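Here's the structure, in structure tokens; my notes come after.
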Amino acid sequence: MQTIDMSTTPLREVNVALQAQAAQTNQTQWVIENPRGAHAIAVGLDAPIEVTVKGSTGYYCAGMNKQATVHVTGSAGPGVAENMMSGTVIIDGDASQYAGATGHGGLLVIKGNASSRCGISMKGIDIVVHGNIGHMSAFMAQSGNLVVLGDAGDALGDSLYEARLFVRGSVKSLGSDCIEKEMRPEHIEILKDLLERAGADAKPEEFKRYGSARTLYNFHVDHAGAY
């Protein structure tokens with residue numbers, strides 16, 4: 001196990017060391033101590049390594065992640081796992097705004113709450129939030145799954161495309177073109193798998209599914225007020 005202390009090692013050196021790991025590396029486990037809320041920790045990784053950040057982080061932690069597993073034992077600032085491609089990112093605490101934004105793949109698990117715009121413009125990522133999410137979450141989400149064990153704020157799924165949204169608690173309001181949809185057997189199976197992978201203690205049958213009404217795909221004058 002490789003340990004890096006950020007009280008003595010600059011951020012640039014930390015990321016250079018992590019980004020230098022190749023697919024066949026034997027240095028697979030890394031621990032980052034004393035992150036002290038630094039921004040852009042463990043960004044741009046592209047190897048099947050495990051990185052544990054012992055503490056809370058600032059902006060864009062684990063951004064552009066590929067293959068790696070990044071575990072933050074505290075909370076994360078805005079943009080955690082932004083543009084993630086694959087791998088797993090786990091946040092033990094809360095996440096600030098636009099967690100998982102534009103993510104193309106992989107799994108983001110937030111064991112606390114997520115702030116506004118969680119999963120904005122998601123493009124294939126799976127996000128599981130054990131707590132609540134803020135307003136405008138999944139705005140313009142294109143594909144992937146957003147699972148919320150708690151409640152959702154205003155304008156959930158505004159201008160949604162084909163992403164699937166599963167919420168166990170209440171939804172303050174739905175955004176333009178987002179509607180409640182039927183939970184079919186295939187959705188139960190998708191949700192069951194995601195809950196198990198995220199270590200979430202919940203049953204798929206407790207959730208409601210939301211998705212696109214598909215009325216905004218093409219401009220229509222009768223829907224002009226919703227654009």
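Where a number appears in this text, it was derived from the coordinates with a stated rule and is not lab data. All values reported here derive from a predicted model rather than from experimental measurement. Using ideal geometry, Cβ is built from the backbone for each residue, glycine included, and neighbour counts are taken over all protein chains shown.
Residues whose amide H falls under 5 Å from that of residue 181, counting only those 5 or more places apart or on a different chain, are 209, 210, 211, with hydrogens built in the peptide plane. Across the chain, Cα pairs under 8 Å and at least six residues apart give a relative contact order of 10 percent. Over the chain, DSSP H runs of length four or greater, each weighted -39,500 (n - 2.57), average out per residue to a 222 nm ellipticity of -3000 deg cm²/dmol. If R0 is 25 Å, what FRET efficiency do you get for residue 142 and residue 173 from their C-beta distance, rounded to 0.05? Plugging the Cβ-Cβ distance into 1/(1 + (r/R0)^6) gives 0.75. About its Cα centre, the dipole of the stretch 2-216 is roughly 200 debye, where the only charges are +1 on Lys and Arg Cβ and -1 on Asp and Glu Cβ. Counting lysine pairs in the stretch 2-216 that sit 8 or more residues apart in sequence, or on different chains, and whose Cα atoms lie under 19 Å apart gives 11.
A viscosity of 1.306 mPa s and a temperature of 10 °C, combined with the Kirkwood radius over Cα pairs in Stokes-Einstein, give a translational diffusion coefficient for the stretch 2-216 of 94 µm²/s. Once the dipole of the chain is set up with Lys and Arg at +1 and Asp and Glu at -1 on Cβ about the Cα centre, which of 64, 108, 53 lies farthest towards its positive end? The Cα lying farthest towards the positive end belongs to 64. In a reduced charge model with +1 at each Lys and Arg Cβ and -1 at each Asp and Glu Cβ, the stretch 28-155 shows a dipole moment near 140 debye about its Cα centre. When the Gaussian network model of the chain links Cα atoms closer than 10 Å, the mean-square fluctuations of 48, 185, 78 top out at 185. Couplings 3J(HN,Hα) of the stretch 193-205, computed from phi: 4, 5, 5, 5, 5, 8, x, 9, 8, 7, 9, x, 5 Hz, in residue order, whole Hz [Karplus 6.51 cos²θ - 1.76 cosθ + 1.60, θ = phi - 60°; x for Gly and Pro].
Our estimate of slack between residue 27 and residue 192, defined as 0.36 nm per intervening residue step minus the Cα-Cα distance, is 56.1 nm.
Going from the residue with the fewest nearby Cβ atoms within 10 Å to the one with the most, 59, 210 rank 59, 210.
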